[in-house]
Amino acid sequence: VNQAPIRGYGYRRRRLSLSCALGHMARAIIFRIFRLRSDSQTCLIVNRYFYDNLAHYRLTTRMERIYISLLRLVIPAPDLPLVLVASVEATAERRPNYSPAYLGELRAGYENLRQYFPELIVISADRRIGMEENLARALCTRLALDV
């Protein structure tokens, strides 16, 4: 039996260097320019692409914290900044070929991002029923509807 390789084996979150920060800034600026050129006056959906990439950085040094603070000024803020995150155990159950250490590091990366993006609404994606209720509550709160 040929087993699939374990993904993320030996993974460690990276250091956010100046060149990486500039690359993320460029993508955010290009996104903003694209938005200015589009016909739509509002952006209804923003992919969590920016957050997903930033979860891979340690953000422990003074320079990394400066870079992430500058990025926060440039990255577009969605009207409803939701991030669905499953626990390490739930993700390991769904994706058995991922290293538990890798899943733990990424989960820690998402939790760390809340320090720099306090508006992020993190919703557990472990169970569908609880997730749907939390999503509905976040939408109603944002739209100022009675829950």
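The values are calculated or read from the model by the stated rules, or taken from the named source; none is laboratory data. The model shown is predicted, which means the values in this text are computed figures rather than measured ones. We place every Cβ from the backbone using ideal geometry, glycine too, and count neighbours over all the protein chains shown. For the accessible areas, the whole protein counts, side chains as well, though only heavy atoms, and no ligand, DNA or RNA atoms are used. Shrake-Rupley method; radii C 1.70, N 1.55, O 1.52, S 1.80 Å.
Rolled with a 1.4 Å probe across the full set of protein chains, the surface gives S69 an accessible area near 60 Å². Model label points for D79 and Q115, set 7 angstrom from Cα along the Cα-to-Cβ axis, are 3.2 nm apart. Residues in region 70-85 carry Karplus couplings, in order, of 5, 4, 4, 6, 9, 5, x, 8, x, 4, 10, x, 9, 9, 8, 10 Hz; the curve used is 6.51 cos²θ - 1.76 cosθ + 1.60 with θ = phi - 60°, and Gly or Pro positions show x.
With Cβ to Cβ distances under 13 Å as the rule, what net charge do the other residues near R14 carry (K, R +1; D, E -1)? Net charge around R14: +2.
Between S69 and Y11, the modelled label-to-label distance comes to 2.9 nm, taking each label 7 Å out from Cα in the direction of the beta carbon.
Of the GluC sites (Glu not before Pro) found in region 55-136, those that fall in a DSSP loop while having at most 15 other beta-carbon atoms within 10 Å are E119. What residue among L71, N134, S17 has its Cα farthest toward the positive end of the dipole of the chain, where the charges are +1 on Lys, Arg and -1 on Asp, Glu, each on the Cβ? Among L71, N134, S17, the one farthest towards the positive end of the dipole of the chain is S17. Anisotropy class assigned to the chain is oblate, per the alpha carbon gyration tensor with a/c at or over the 1.5 cut-off and a/b no larger than b/c. Solvent-accessible area of the chain (1.4 angstrom probe, protein heavy atoms only): carbon and sulfur portion equals 56 percent. For region 51-107, just say rounded, prolate or oblate: build the C-alpha gyration tensor, square-root its eigenvalues into a ≥ b ≥ c, call rounded for a/c under 1.5, and beyond that prolate if a/b exceeds b/c, oblate if not. Oblate. Computed from the C-beta positions of R32 and A4 and an R0 of 35 Å, the FRET efficiency is 0.30 to the nearest 0.05.
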